[in-house]
Amino acid sequence: MFDLKPDAAKEIAGPWRPIATNVTGIKICEAFPLLAKHMDKLAIVRSLVGNQSDHDAVQVFNGHKPGQKSPAGSFPQFGSVVSKLQGAADPATPPFMSLCYTCTHGPYNEPGPGFLGTSHAPFRPMGPSRGDMTLRGISLDRLGDRKQLLRNFDSIRRDVDSSGVLDGMDAFSSQAFGLLTSSRLANALDLSKEDLRTVDRYGTGDPTKFMDDNGAPRVPQSLLMARRLIEAGARVVTLNYSKWDWHGGANNSIFKREAEDFPAFDKCVSALVEDLHQRGLDQDCTVIIMGEFGRTPKISAQVGRDHWPQVNCALLAGGGMKLGQVIGATDRNAGEAVSRPVTFSELFATLYRNLGIDTNQVTIADLNGRPQYLIQESVQPMRELV
């Protein structure tokens, strides 16, 4: 996608060719012409090392390598930590929202809040919570009463906020009260309220079709919904998108799947990046896209690429970062990092830094009351980006 080797042997290079971007000297795959036009608003990490080798997404959600010793209850994921440290930016919107679809392969799914407990778990409107946010059995005759009820809630909300009663509520009660007394979150989740031209720029997919059965659906509209949730006050939004485990096989070669997935990915990611800048979110909102490991440089006999933990890549945007650059490099076969290896700890230190959190200073208490650093190494945010 972002680190082509056109001069390598045929069984490594594959059929795709690099194209120039709007940043001199940076080339990416020809299947991403829209992203190529926005390279000045992107940063590519080509040398992400320390990846685990199994189908386990925990590392991309919390930055901690699976198998390492963890405190009782396990390490919380990034969004849960932000929820704990910074709380809600708006009472009507949970600080941590998940648009991740539940996959039948358990380790693909989010690891959860760990020792921080369920009050810092992601609010999941795509799961069981979505039904609770939909009014049922409401006739047109009663709609007017509902509008009056909302006006009453608005009045109650002002009175409660000024009296300080919310301060005494537990996390669940406070969040529920916020959701009930505001339509802000429901509106953010309702894409029918979005301009149809914007929806078309992102594209849409079938949320009921899980790719290869155990992957996530290919749903470009999740990126649009994520942007709307950030605008509604969410601090962290996670989402999963399609399935990229292309080992090949009959009628399912890696190049067939790439030809299906790449154009949709190009369209929705470029639309999100455009929106960040057009809406003034590019300084405050960080976007990161990555998977749990890289793929083998050599194309297999089944016309696929297998698991390759030696080196991985990541795509970043926004966050007030220094963009329009490539960080790190791999060898002539894209098999090993040969310059500026980047660790998950550095990557997550950068994400935390963009939210004003210093990972070398801030700790959170585990179930035994012991302070735990947010990442397992003492590192600085990536100097190239900040």
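Observations, loosely collected:
- Any hit, region 2-11, residues being within 30 Å of Ala271 (Cβ to Cβ), modelled with pLDDT of 95 or more and acidic (Asp, Glu): yes
- Count of region 218-256 residues which are in a helix (DSSP H, G or I), within 19 Å of Ala57 (Cβ to Cβ) and open to solvent by less than 10 Å² (accessible area, probe 1.4 Å): 1
- When the criteria are applied in full, Val45 fails the requirement of being closer than 22 Å to Leu229 by Cα and in contact (Cβ under 8 Å) with a residue 40 or more places away in the chain.
- Among residues of region 51-75 being out of contact with any Pro (no Cβ under 7 Å at 6 or more places or on another chain) and open to solvent by less than 40 Å² (accessible area, probe 1.4 Å), the one that is nearest to Pro113 (Cα to Cα) is Phe75.
- The set of residues in region 202-228 that are under 17 Å from Glu274 (Cβ atoms) and among the small types (Gly, Ala, Ser) comprises Gly203, Ser222, Ala226.
- Subset of region 187-197 [surrounded by 11 or more Cβ atoms within 10 Å (Cβ to Cβ), outside any loop (DSSP other than H, G, I, E, B) and over 20 Å from the mean Cα position of the chain (by Cα)]: Asn187
- Taking strands (runs of 3 or more DSSP E) as the structural unit, those lying wholly within region 279-382 and holding at least 2 residues that are without any contact (Cβ under 8 Å) to a residue 12 or more places away in the chain correspond to 363-365.
- Unmet criterion (only one of (1) farther than 20 Å from Val60 by Cβ; (2) out of contact with any Ser or Thr (no Cβ under 7 Å at 6 or more places or on another chain); (3) at pLDDT 95 or above; (4) open to solvent by 50 Å² or more (accessible area, probe 1.4 Å)) for Asp266: (4)
The values are calculated or read from the model by the stated rules, or taken from the named source; none is laboratory data. Remember, it's a predicted structure, so these values are computed and weren't measured experimentally. Every residue, glycine among them, receives a Cβ derived from its backbone with ideal geometry; neighbour counts consider all protein chains shown. The protein model used for the area step is the full one, side chains on, heavy atoms only, and it has no ligands, DNA or RNA in it. Shrake-Rupley method; radii C 1.70, N 1.55, O 1.52, S 1.80 Å.
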